[in-house]
1. Looking only at segment 264-293, count every residue that is over 24 Å from A395 (Cβ atoms), touching a residue at least 60 places away in the same chain (Cβ under 8 Å) and surrounded by 19 or more Cβ atoms within 10 Å (Cβ to Cβ) and tell me the total.
2. Suppose we keep only residues that are surrounded by fewer than 18 Cβ atoms within 10 Å (Cβ to Cβ) and of a type in the set (S, T, Y) within segment 348-383. Which one would you say is nearest to A317 (Cα to Cα)?
3. State whether the residues of segment 215-232 include one that is part of a helix (DSSP H, G or I), aliphatic (A, V, I, L, M) and more than 17 Å from E286 (Cα to Cα).
4. Check segment 10-22 and report whether any residue there is surrounded by 15 or more Cβ atoms within 10 Å (Cβ to Cβ), in contact (Cβ under 8 Å) with a residue 12 or more places away in the chain, among the charged types (D, E, K, R) and under 19 Å from A395 (Cβ atoms).
5. Can you pull out every residue in segment 319-347 that is assigned to a loop (DSSP other than H, G, I, E, B) and within 22 Å of A75 (Cβ to Cβ)?
6. Which numbered condition in (1) among the hydrophobic types (A, V, I, L, M, F, W, C); (2) closer than 19 Å to I120 by Cβ; (3) surrounded by 15 or more Cβ atoms within 10 Å (Cβ to Cβ) is the only one that L345 fails?
7. Can you tell me how many residues in segment 160-186 are on the phi > 0 side of the Ramachandran plot and among the aromatic types (F, W, Y)?
8. Any idea which of L307, L279, L324, L313 is under 23 Å from S385 (Cα atoms), in contact with a helix residue (DSSP H, G or I) (Cβ under 9 Å, 6 or more places away or on another chain) and not polar (S, T, N, Q)?
Amino acid sequence: MSPTLLSLAFALALAASTLLKFWLASRQIRHVATHRGEVPAAFAENVTLEAHQKAADYTIARARFGLLALAFNAAVLLGWTLLGGLQLLNGWALAASQMLPAAWQPMGYQLALVAAFILIGGLLDLPWELWSTFRIEQAFSFNHTTLRLYVTDMAKGVLVGLALGVPILALILWLMGAAGTYWWLWAWGAWMGFNLLVMVIYPSVIAPLFNKFEPLADTAVKARVEGLMARCGFKAKGLFVMDGSRRSAHANAYFSGFGPAKRVVFFDTLLNKLDTAELEAVLAHELGHFKHRHITKRIVMMFAMSLAGFALLGWLAQQPAFYLGLGVAPNLAAPNDALALMLFLLVGPVFGFFVTPIAAHFSRRDEFQADAYARAQASGPDLSSALLKLHKDNAGTLTPDPVYARFYYSHPPAAERLAALAS
């Protein structure tokens, strides 16, 4: 592998993906703006012009903001790689590690390099996150987060990240240096075990750090939901209501956990917006994903893709051209494992972006299957009514650009979804 060819391939992939994202976002903005003035005929009886225009304005505002963020992120990625940013950071981490005892220097250097990279990346992203939350979401009356709550959440997130991330990162880096030629297989096993552990502990250990979860108190809703789960042969550890309204007006419901630790969680905003029959239909949709084993298939796919990724990293980490072609000189007197890992995580999404429409296609197929299951187990009209309410309350556009939707949408556009439920 030639460093020059790799540099060229990366530059071309970055340019192509950035231009494609710009083109798709521009199509979305134009299409939504063009159809802003009139509610689609299929929704004319249920959606007001005011609600339709709010959804259009919200979609356009987010898309325009996304264009700015896209340009910024592409420049940052180029700065980290071909323009030498990671090389400079690596030099600093090597120098800083010399202050550690000799036995601690190899791992200390690598952890310091990754920590500094994450810190700088977080600081670069922070203004964009603040603007999205406190300007865009605030302007459309979706944001309920105070600055104090935002800072508290961020502090908790950092602590959780340190508690969970440092041990698994140190383990993977140690395996990269000590487990021989097939270190990537051992690292993949450790990473999968870590992910399964997080799935198990998330509902009862991690999530309560950020939100309050109360047992579902509405007896009518509880009886309806328990009856549905009994019909579907589904067992959960409990039914809970989450205080989602503390942060946002957006509504949702989800399953969390893994195996016997599964929980059914309703946002309090969802309970305030949907009636009992609609809630049952929404939950039946989620149960449809389990009935068709969509969750299991996604986990298996994640396992397979991560195995392929670790195997590819195992090969690339041994190629000097991998470092040189991406703007970094490999270390001669220190391990290169952290460098290889960061370069892989930086450039992998650039090449992986082009399979986005394939993943989106299969996700939409799964959503149609889950809708069909909900129609059979609960009520198609109630699910349609619930979806329409959520579209209006979340300001989801009813007129997305077809090409944009085919490329990105993990859920079918509202018109297609409601038409399928009515057929």
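1. Counting residues in segment 264-293 that are over 24 Å from A395 (Cβ atoms), touching a residue at least 60 places away in the same chain (Cβ under 8 Å) and surrounded by 19 or more Cβ atoms within 10 Å (Cβ to Cβ) gives 5.
2. The selected residue is T356.
3. Checking segment 215-232: at least one residue is part of a helix (DSSP H, G or I), aliphatic (A, V, I, L, M) and more than 17 Å from E286 (Cα to Cα).
4. no
5. If the condition is that a residue be assigned to a loop (DSSP other than H, G, I, E, B) and within 22 Å of A75 (Cβ to Cβ), then G325, L326, G327, V328 are the ones that fit.
6. Just one mismatch for L345, condition (3).
7. 0
8. Testing whether each residue is under 23 Å from S385 (Cα atoms), in contact with a helix residue (DSSP H, G or I) (Cβ under 9 Å, 6 or more places away or on another chain) and not polar (S, T, N, Q) leaves just L279.
The values are calculated or read from the model by the stated rules, or taken from the named source; none is laboratory data. Because the structure is predicted, anything quoted here is derived from the model rather than measured. With ideal geometry, Cβ positions are generated from the backbone for all residues, glycine too; neighbour counts draw on all protein chains shown.
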